[in-house]
2 protein chains.
Amino acid sequence: MASSQHHQPSSPGQKDVPPYELLYWPGIPGRGEHIRLAFEETSTPYTDSAHVEDGMGLVTSQISANNLGDALNPPPLAPPILQHGPLLISQTPNILLYLGPRLGLVPSVEEDASGVYRVNELALTALDGLSNEVHDCHHPVSTGLYYEDQKAEAQRKSQDYIKNRLPKFLAYFERVLSGEASRGGTWLYGGVLTYADLVLFQCLDGLGFAFPNALSRLAKGGDYAKVFALYENVQQRPNIKKYLASGRRQQYGMGIYRHYPELDEP
Amino acid sequence: MASSQHHQPSSPGQKDVPPYELLYWPGIPGRGEHIRLAFEETSTPYTDSAHVEDGMGLVTSQISANNLGDALNPPPLAPPILQHGPLLISQTPNILLYLGPRLGLVPSVEEDASGVYRVNELALTALDGLSNEVHDCHHPVSTGLYYEDQKAEAQRKSQDYIKNRLPKFLAYFERVLSGEASRGGTWLYGGVLTYADLVLFQCLDGLGFAFPNALSRLAKGGDYAKVFALYENVQQRPNIKKYLASGRRQQYGMGIYRHYPELDEP
């Protein structure tokens with residue numbers, strides 16, 4: 001699969017395009033990773049607060065209680081934040097929605113005017129069930145408390161997640177890949193890679209770090225063969241492969257995906 | 001505020017427009033309510049599975065494990081679902097994104113090409129903190145278990161929500177309304193009602209049912225005066241007022257917003 005196998009970007013000329021600037025917490029892949037993968041897959045230049053001096057300060061000044069935004073942009077509540085010329089927007093699925101047509105990661109309006117709503121739907125669903133809920137597994141009571149202060153609740157939550165929620169979402173995406181709208185079952189929608197595939201890849205990658213035993217059992221079981229093939233297919237794309245091996249890819253740690261052996265299955 | 005005070009819909013001609021069909025669980029406002037309010041505010045005709053025979057069956061057949069979608073549409077994981085001619089999409093913020101330009105509830109591309117990304121950002125943030133997290137308050141461990149089986153965890157979670165999370169989100173939206181991009185502080189973005197305002201209204205309304213004591217204290221405290229004024233301003237809009245008094249508005253019950261007195265503050 002050549003990395004050029006994308007939809008047509010909505011503004012192919014690169015002249016006079018302002019730089020894309022990603023603001024996200026340095027030190028973890030986190031929600032920022034979904035944005036990075038879109039840039040990396042499409043060889044789109046971007047700056048990343050994870051790799052600049054005082055990147056942390058850039059983020060905290062944006063989400064400060066004193067920031068009222070500007071004439072064009074409301075203040076962001078939390079990162080990831082994208083700056084693109086005068087535009088400043090936040091919320092992972094919203095940034096992807098903005099980048100999708102610009103980077104050729106959704107069908108163009110000419111070929112499929114409603115395609116973007118299907119891609120957005122799939123990305124939102126992956127983020128709900130395979131990212132946000134995974135964060136809740138280690139922090140089911142309060143994001144303001146330490147894990148150690150909600151460990152009993154985290155164990156109950158994680159057991160339920162592994163037993164019920166994770167298979168539910170994997171089965172859903174297997175169903176999407178088995179449906180006609182996927183056009184062949186390699187990619188989630190329309191037979192061509194979209195940002196929904198990148199989001200699903202990153203969610204599965206993070207789950208493999210958080211719950212390695214559970215995910216490996218589910219992968220081996222064969223019920224979600226298309227889902228795990230998609231994971232491999234994204235991982236093997238030349239630009240993604242290069243990126244994952246580079247210093248730009250940060251290690252998992254104390255972010256959304258955390259590995260506490262006691263929360264995984266034995 | 002006249003109900004005609006909207007943005008220009010992207011396709012003002014009503015001829016040959018297929019009907020809008022909302023599929024959502026009958027019996028509770030739930031996530032479907034955000035979609036209903038968009039239709040009601042703009043006097044847009046729609047059908048609603050809440051009010052047809054076997055509405056429940058219409059929803060369950062869509063989310064059945066046997067449904068693979070069709071040639072155009074992936075299967076939905078969960079309602080709300082919108083059918084509009086050949087299009088079938090799910091995910092609350094995604095449906096609103098689709099309806100926004102069609103109903104004049106976002107700035108038109110001509111007046112503000114990036115406005116839709118700001119409105120989407122605000123709607124996503126309200127749904128995250130003032131809807132999804134509120135559901136987690138009564139079901140912090142598992143959506144598959146009864147409340148009674150996770151009551152201790154629900155109490156810890158709700159206490160944290162009322163003390164930390166709810167004020168955080170109210171303060172955020174007060175900040176948005178105090179910023180220049182709101183153009184005056186009546187509506188969240190651009191000086192005109194958008195669907196983000198309707199979402200925030202519905203979230204506050206549900207919170208007032210779930211946590212009446214906490215919300216009334218926060219309203220009286222005066223720190224979020226603009227937020228609660230927005231609530232009143234939406235509630236007083238002629239079409240919304242008529243709708244809220246009609247039989248189409250369903251009562252809160254065992255949905256996202258539930259009232260368990262022991263989870264509220266005294």
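Taking all Cα pairs closer than 8 Å and separated by 6 or more residues, the relative contact order of region B:114-237 comes to 26 percent.
Among bridges DSSP assigns within chain A, what percent are antiparallel (round to 5)?
Working: 8 of 11 bridges.
Taking every DSSP beta bridge with both residues in chain A, the antiparallel ones total about 75 percent.
If you run the Gaussian network model on chain B, springs between alpha carbon atoms under 10 Å, then out of B:38, B:50, B:225 the most flexible one is B:225. From Cα pairs below 8 angstrom and at least 6 apart in sequence, can you work out the relative contact order of chain B, rounded to a whole percent? Reported relative contact order: 23 percent.
Sum up the charges of everything whose Cβ sits under 12 Å from the Cβ of residue B:203, counting Lys and Arg as +1 and Asp and Glu as -1, but leave residue B:203 out.
Value of the local net charge: -4.
Between residue A:64 and residue A:17, how many nm apart are label points set 7 Å from Cα along the C-beta direction? Here the modelled spin labels are 3.2 nm apart. Please give the Cα centre distance for region A:14-44 versus region B:188-216, rounded to the nearest Å. Region A:14-44 and region B:188-216 have Cα centres separated by 32 Å.
Put a point 7 Å out from Cα along the line to Cβ at residue A:212; what are the distances to that point in the other copies, in nm, shortest first? Ordered by increasing distance: 5.3 nm. Taking the Cα centroid of region A:120-174 and of region B:83-152, what is the distance between the two, rounded to the nearest whole Å? Cα centroid of region A:120-174 versus Cα centroid of region B:83-152: 19 Å apart.
Taking every DSSP helix (H) stretch of at least 4 residues in chain B, weighting each as -39,500 (n - 2.57) and dividing the sum by the residue count yields a mean residue ellipticity at 222 nm of -13000 deg cm²/dmol.
Looking at region A:20-103, what % of its DSSP beta bridges pair antiparallel, to the nearest 5? List each step's numbers first, then the result.
On the way: 8 of 11 bridges.
Roughly 75 percent of the beta bridges in region A:20-103 run antiparallel, per DSSP.
Out of every Cα-Cα pair that region B:129-266 contains, those further apart than 22 angstrom amount to 41 percent. Out of every Cα-Cα pair that region B:40-114 contains, those further apart than 19 angstrom amount to 44 percent. The chymotrypsin sites (Phe, Trp or Tyr not before Pro) of region A:123-171 that meet both conditions, a loop assignment by DSSP and at most 11 other Cβ atoms within 10 Å of the site Cβ, are A:146.
Within straight-line reach of residue B:226, meaning a Cα separation under 17 Å, sit the following aspartates and glutamates at least 8 residues removed in sequence or on another chain: B:174, B:180, B:197, B:205.
How much net charge surrounds residue A:193 when only other residues with a Cβ under 13 Å from its Cβ are counted (Lys, Arg +1; Asp, Glu -1)? Net local charge, residue A:193 excluded: -1. Using the Cβ-Cβ distance between residue B:43 and residue A:178 with R0 = 60 Å, the FRET efficiency computed as 1/(1 + (r/R0)^6) comes to roughly 0.90.
Where Lys and Arg each count +1 and Asp and Glu each count -1, what net charge lies around residue B:243 among other residues with Cβ under 9 Å from its Cβ?
Combined, the nearby Lys, Arg, Asp and Glu give +3.
Take every Cα pair under 8 Å in region B:27-152 that's 6+ residues apart, average their separations, divide by the length, and report that relative contact order as a whole percent.
Values: 95 pairs, mean separation 20.6, N = 126.
For region B:27-152, the relative contact order is 16 percent.
Between residue B:51 and residue B:87, the FRET efficiency estimated from the beta carbon spacing at R0 = 35 angstrom works out to 0.95.
Given +1 on the Cβ of Lys and Arg, -1 on the Cβ of Asp and Glu, and no further charges, what dipole in debye does the protein assembly as shown carry about its Cα centre, rounded to the nearest 20?
On the way: 44 positive and 58 negative charges, 23 e Å.
Its charge dipole is roughly 120 debye.
Where a ≥ b ≥ c are the square roots of the eigenvalues of the C-alpha gyration tensor, would you call chain A rounded, which needs a/c under 1.5, or, failing that, prolate if a/b is larger than b/c, or oblate? Write out the running numbers ahead of the final one.
Values: a/c = 1.78, a/b = 1.10, b/c = 1.62.
Note, shape of chain A comes out oblate.
How big is the dipole moment of chain B about its Cα centre under a simple scheme where the beta carbon of each Lys and Arg is +1, that of each Asp and Glu is -1, and everything else is neutral? Debye, nearest 20, please.
Numbers: 22 positive and 29 negative charges, 106 e Å.
The dipole of chain B has a size of about 500 debye.
Extending 7 Å from Cα along the Cβ direction at residue A:6 and again at residue B:249 yields two label points whose distance is 4.7 nm. Label-point spacing for residue B:229 across the identical copies (point 7 Å from Cα in the Cβ direction), in nm and ascending order: 5.9.
Taking the charge dipole of region A:20-103 about its Cα centre, with +1 at Lys and Arg Cβ atoms and -1 at Asp and Glu Cβ atoms, the residue from A:92, A:47, A:81 reaching farthest to the positive side is A:92. Placing a label point 7 Å from the Cα of residue B:19 along the Cα-to-Cβ direction, the distances to the matching points in the other copies come to 5.5 nm, shortest first. Note on residue B:259 and residue B:109: their simple-model spin labels are 4.6 nm apart, each label 7 Å out from Cα toward Cβ.
Under 1.5 on a/c is rounded, so check that first for the protein assembly as shown, then, if it is not, pick prolate when a/b is larger than b/c and oblate when it is not; a ≥ b ≥ c are the square roots of the alpha carbon gyration tensor eigenvalues.
Values: a/c = 1.23, a/b = 1.14, b/c = 1.09.
In terms of gyration-tensor shape, rounded.
The calculated FRET efficiency for the pair residue A:229 and residue B:164, based on their C-beta separation and a Förster distance of 45 Å, comes to about 0.60.
I want the antiparallel fraction of DSSP beta bridges within the protein assembly as shown, as a percent rounded to 5.
On the way: 16 of 22 bridges.
Restricted to the protein assembly as shown, the bridges split so that about 75 percent are antiparallel.
In chain A, once you exclude exposed GluC sites (Glu not before Pro) (DSSP loop, at most 16 other Cβ within 10 angstrom), what's the longest stretch remaining? Write out the running numbers ahead of the final one.
Details: sites that count: A:53, A:110, A:111.
No qualifying site falls inside A:112-266, the longest such stretch.
Using a ≥ b ≥ c from the Cα gyration tensor of region A:50-195 (square roots of the eigenvalues), is it rounded, prolate or oblate, where a/c under 1.5 gives rounded and otherwise the larger of a/b and b/c decides, a/b for prolate? Taking the square roots of the gyration eigenvalues as a ≥ b ≥ c, region A:50-195 is oblate. Listed by chain and number, the lysines whose C-alpha is less than 19 Å from the C-alpha of residue B:151, apart from same-chain residues fewer than 8 away, are A:151, A:157, B:163.
All of the numbers you see were taken from the coordinates with simple rules; none came from a lab. In this text the structure is predicted, and so the values were computed from the model without any measurement. Cβ sites come from the backbone with ideal geometry, for glycine too, and all protein chains shown count toward neighbours.
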